[in-house]
Amino acid sequence: MIAIQNISKKFGKLTVLDGASAQFNKGECIALIGPNGCGKTTLIKSILGMVVPNAGNILFNDVSIKNEFLYRNNIGYMPQIGRYPENMSIGQVIDMIKKIRNYNSQLDEELLDLYKIKDLLNKKMRTLSGGTTQKISATIAFLFNPDVLILDEPTAGLDPLAAEILKEKIIKEKQKGKLIIITSHLLSELDELVTQVVFMQDGKIKFHKNTEELKTDTQMPTIAKAITHILKATVHE
Amino acid sequence: MDRIKQVIDKTKRQTMLSLFSIVFAFIANGKTLTVGQNKQYKTIHKAIKFAVAFDTIEIHEGLYKEGNIVVDKSLYIKGINKPVLDGEKKYEVVSVKSNFTTIDGLVVQHSGYATLDDPGGIKVYDSHHVTIINNVLLDNFFGIYIQYGQHCIVKNNTIEAFGIEEQQIGNGIHCWKSDSLQIIGNKITGHRDGIYFEFVTGTIIWRNISFNNLRYGLHFMVSNDDAYIGNILKNNGAGVAVMFSKRIKMINNYFSDNWGDAAYGLLLKEISDGYIFNNRFSSNTSGIFMEGTSRINVENNSFYNNGWGMKIQASCMENNIINNNFKNNTFDVSTNGSLVLNVFNKNYWDKYEGYDLNKDNIGDVAYHPLSLFSIIVENNASVMLLYQSFFAMLLDKSEKVIPSLTPTNFIDEQPLMHPILL
Amino acid sequence: MNRLIKFVVLDIIKNRTILGYTLLLAIFSWSVFGLEDNATKGVLTLLNIMLLIVPLVSIIFSTIYIYNSSEFIDLMVSQPVKRNKIWTSLFIGLSISQILAFVVGVGIPLLLFAPLNIALSMISVGCMISVIFIAIAFLACAITHDKSKGIGVSIMLWLYFALLFDGLVLFLLFQFADYPIEHFMIGITMLSPIDMARILILLQLNVSALLGHTGAIFTDFFGTIIGTFISTFVLCLWAIIPFYLSLRMFNKKDL
């Protein structure tokens, strides 16, 4: 569904992505992990077209995304830190995105209800706490029933209850056969969700493995432990 | 002694006698000759031929194409119902070559157009006491031309031409080497200069209207001791130009709308000892432009809505500019030099921002009427491109606060707080 | 696109700064025409204000607005919207609101007090100047990465066009005083939209006679149909080129 072919990105002198390649398919739930500054967010933003790579290609359903924008109709994106026009109310932001998406099918308003956002519609974005903003981001990401969900640190800033709701939602969507890409540092959360792990370091993709494969390779019972094991190993190098 | 007295007495008696005979001749001997289709004479030529001095010739309504008409006798030529004398663009129409002649009520048109002998609608040659009154002069090369005339009166004529280029048209009223003339109440338009004086002395120009002429409304060249009073000078290249002349009095005139590139209300060049009093300069590119001008008093004039109120070149000296009103001019005054030999005093400047603590209507702070921008423009005219720009504004403001480039003695020590009532 | 423009315009109007700007312009214009009995003088004073304030407000307001819209831009970029559309909508939205402010603030008094032809050309030139400086603000934003730098660049650009350029012109005029550079100056004038706007209006007023020989040459050029066409075209270029460059940069920009 998404093919990343050898992409590189430099911010000034700093190389953030250095020939990263990967293939993500329908029905997969991918955990994108790695130490801080390894290029996870840049990779995600490249897929979304927010960052333009210096080299390489990204294919979405076998079509290059270069100068394309309609493919984003199929993507729901939840940013790490959601930034919204401060003067607008929650209702206006959601309305605006609805109008821009021009989406005709049934909206997925599950999170809207679960997070009780309908009570907050008149609140201005600038008055919201980080957690509430994250809830809005999550709601918007799922609202249009996209085939691909890209969630950047989805549970950071959410209270445990909200995080749990989100997790269940993710599982539900995964079962519908959607592609889900998650980055997270809270490795323990990933266990129940993830089918594959992509490990990044210094702008490169170190490995891309099935969770089962990973567990057998490292002989660890959970993904979290397996990854910690790998991280330790890389530091020792 | 006695001998001298006798001579004087004799001459006195003779003049008295001659004067008497003139008056007598007019009253007693004058007969009237009529010219017209069904009249005594069919042509003017014939009437003049049969007339004797002090006869009256009445020219009745009609179109007369008789070439050049020479009046060589002291006649009173009177038009009845505006007869038209046409020069067919070939001839000088009326040539007056006799003293004590009056031309009254004619329409004179289409004089010849030649630049060599300056044909005029009505031209006076070497004569005195000629009166030209109530005539209409249309489309002549020169309108009324007086050379070597004395004590002539030009009054209430309408002089109109349709000149397009300066070289191809003469002046409305042109006077050369003459003395003691009176130019009164004429209306002149479309000529090169409305009224032109060269070597003319002791003459008064009163209540004329000179407008839309190609060059100047009124032009003095080497003419001394003249006065022009109460004239209206509108829409000319320059309202009045006074050049190389002395002791000219300029009073109660109205200079307006002499507007355009290099246009002036009053242009003064190499003149001295004049007096400019109670005139109004309104909407001229420059109200007064002075060059090589000395000992002129400029008093009680109003300068309103001009581009430049006064442009005083560095070659001017000992002029007094006193008690004038300067209002709404883009620049009140400008000069091209740093030497200031003229006096400004007790003028009203609408741009003055000083105060008057003792309420005597004289500002307590002296006023510098020169703006820095105007000086820069004087040095390099193209800088006007920056007119009304923020940059020019800033230049002026900074100069007002710390004068450094404008001459410090270009100053009105006693600026008035309120305009003078004029 | 239309929806985005609508969002931008509504957002700017809600902002109140633009209302303050409209009010400021209106107060200036009404007081100018109230104080000056002579319409030409009023137009001149207004021209002065217009050529100073309109570019300043246009460029600074736009720069701040673009930076403050970074969230909006972020949000839109992750949605299925073309980048061109986002940037262009911002530009058109800003232009519409600035033009609206100018027409309401200055245009109405001009139409009431000034001769019609002068009022119309003042309004159109004022609108052009607004749009041009918005375009320049977009370029400043595309070049710089943070808000304070962007505002700094904008102020410098404004200062350059409002002041420094004229200093340069003065320098040139004196350096080449002995040469016939009037035609050359027409070209130079085109390098500053403020100067061009000022001269275009001056030539329409009767004060153009004060411009003397140079003014005559300028009238000969700008007075003709071709001259009017060229000057309008150049003013349009002043809006199009900076915006186009900024658009190209924005399309490649990482968010």
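Bear in mind these aren't lab numbers, they're just calculated from the coordinates by the rules spelled out. None of the values given here were measured: they were computed from a predicted structure. Don't worry about glycine lacking a Cβ; one is built from the backbone with ideal geometry, like all the others, and counts go over all protein chains shown.
Observations, loosely collected:
- Only Lys, Arg, Asp and Glu carry charge here, each on its Cβ (+1 for the first two, -1 for the last two); on that basis the stretch B:14-179 has a dipole of about 640 debye about its Cα centre.
- Toward the positive end of the charge dipole of the protein assembly as shown, with +1 on the Cβ of Lys and Arg and -1 on the Cβ of Asp and Glu, the farthest Cα among B:Ser398, C:Thr22, C:Ile53 is that of C:Thr22.
- Volume in Å³ per residue [convex hull over Cα atoms, computed for the stretch B:14-179]: 109
- Dipole moment magnitude, nearest 20 debye, chain B about Cα centre, only Lys, Arg, Asp, Glu C-beta charged: 1680
- Farthest positive-ward along the protein assembly as shown dipole, Cα basis, beta-carbon charges - from A:Leu143, B:Leu372, C:Gly152: A:Leu143
- The value obtained for the stretch C:10-142, namely the Cα convex hull volume divided by the number of residues, is 92 Å³ per residue.
- In this label model, A:Met220 and C:Asn15 are separated by 5.0 nm, measuring between points 7 Å along each Cα→Cβ vector.
- Fewest-first sequence of A:Lys118, A:Lys9 by Cβ atoms within 10 Å of each Cβ: A:Lys118, A:Lys9
- Quotient of the Cα radius of gyration of the protein assembly as shown and 2.2 N^0.38 Å, N being its number of residues: 1.51.
- Helical content alone sets the calculated 222 nm signal of chain C at -27000 deg cm²/dmol, taking -39,500 (n - 2.57) per DSSP H segment of four or more residues and averaging over every residue.
- If R0 is taken as 30 Å, the Cβ-Cβ distance between B:Asp364 and B:Leu422 corresponds to a FRET efficiency of 0.80.
- Mean Cβ neighbour count within 10 Å, used as a protection proxy, ranking A:84-91, C:13-20 highest first: A:84-91, C:13-20
- Among B:Cys316, C:Cys141, a tally of other beta-carbon atoms within 10 Å of each Cβ gives an order, fewest to most, of B:Cys316, C:Cys141.
- Once the chymotrypsin sites (Phe, Trp or Tyr not before Pro) in DSSP loops with at most 13 neighbouring Cβ atoms within 10 Å are cut out of chain B, the longest remaining piece is B:163-354.
- Within straight-line reach of B:Lys359, meaning a Cα separation under 20 Å, sit the following aspartates and glutamates at least 8 residues removed in sequence or on another chain: B:Asp350, B:Asp412, B:Glu413.
- Members of B:Lys397/C:Lys41; A:Lys66/A:Lys116; A:Lys66/A:Lys178; A:Lys10/C:Lys147; A:Lys116/A:Lys176; A:Lys123/C:Lys252 lying beyond 28 Å, as alpha-carbon distances in this model show: A:Lys66/A:Lys116; A:Lys123/C:Lys252
- Shown here is the pair-distance distribution of chain B: with all Cα-Cα distances grouped in 20 Å bins from zero up to the longest one, the shares run 25, 43, 24, 8, 0 percent.
- Where both bridge residues fall in chain B, DSSP classifies roughly 0% of the beta bridges as antiparallel.
- Cα-based reach from A:Lys40 at 14 Å (exclusive), listing aspartates and glutamates while leaving out same-chain residues under 8 positions away: A:Asp18, A:Asp152, A:Glu153, A:Asp202
- Aspartates and glutamates with Cα under 17 Å of B:Lys123, excluding same-chain neighbours fewer than 8 positions away: B:Glu66, B:Asp72, B:Asp86, B:Glu88, B:Glu92, B:Asp104, B:Asp139, B:Glu160, B:Asp179, B:Asp193, B:Glu198
- Longest stretch of chain B clear of exposed loop sites (GluC sites (Glu not before Pro), DSSP loop, at most 11 other Cβ atoms within 10 Å, sites excluded): B:166-352.
- Applying a DSSP loop filter and a limit of 15 other Cβ atoms within 10 Å to the GluC sites (Glu not before Pro) in the stretch A:101-194 leaves A:Glu109, A:Glu192.
- For the stretch B:280-371: Kirkwood Rh in Å [reciprocal of mean 1/r, alpha carbons]: 13.4
- Each of C:Leu75, C:Leu47 was scored by other Cβ atoms within 10 Å of its Cβ. Arranged with the fewest first, they read C:Leu47, C:Leu75.
- Counting Cβ atoms of other protein chains within 10 Å of each residue's Cβ and taking the mean over peptide C:166-177 gives 4.
- Whether the stretch A:2-236 is rounded, prolate or oblate, judged on the alpha carbon gyration tensor where a/c under 1.5 counts as rounded: prolate
- CD proxy at 222 nm, helix term only [per DSSP H run n ≥ 4: -39500 (n - 2.57); per residue of chain B; nearest 500]: -3500 deg cm²/dmol
- With a Förster radius of 41 Å applied to the C-beta separation of B:Tyr125 and C:Asp220, the computed FRET efficiency comes to 0.35.
- If the chain linking A:Asp18 and A:Leu186 were pulled fully straight, counting 0.36 nm for each residue of separation and taking away their Cα-Cα distance, it would gain 57.9 nm.
- Farthest towards the positive end of the charge dipole of the stretch B:14-179, among the residues B:Asn156, B:Pro83, B:Tyr113, is the Cα of B:Pro83, using unit charges on the Cβ of Lys, Arg, Asp and Glu.
- For the pair C:Ile108 and C:Lys252, a Förster radius of 51 Å applied to the C-beta separation gives a FRET efficiency near 0.75, rounded to the nearest 0.05.
- Alpha carbon convex hull of chain C, projected area averaged over orientations, nm²: 14.4
- Placing +1 on the Cβ of every Lys and Arg and -1 on the Cβ of every Asp and Glu, with nothing else charged, gives the protein assembly as shown a dipole about its Cα centre of roughly 1240 debye.
- Over 21 Å apart at the Cα level, from the set B:Lys31/B:Lys155; B:Lys49/B:Lys97; A:Lys167/C:Lys82; A:Lys98/C:Lys6; A:Lys174/A:Lys232, are B:Lys31/B:Lys155; A:Lys167/C:Lys82; A:Lys174/A:Lys232.
- Tensor-based shape of the stretch A:55-165 (alpha-carbon gyration tensor, a/c under 1.5 rounded, otherwise prolate or oblate): prolate
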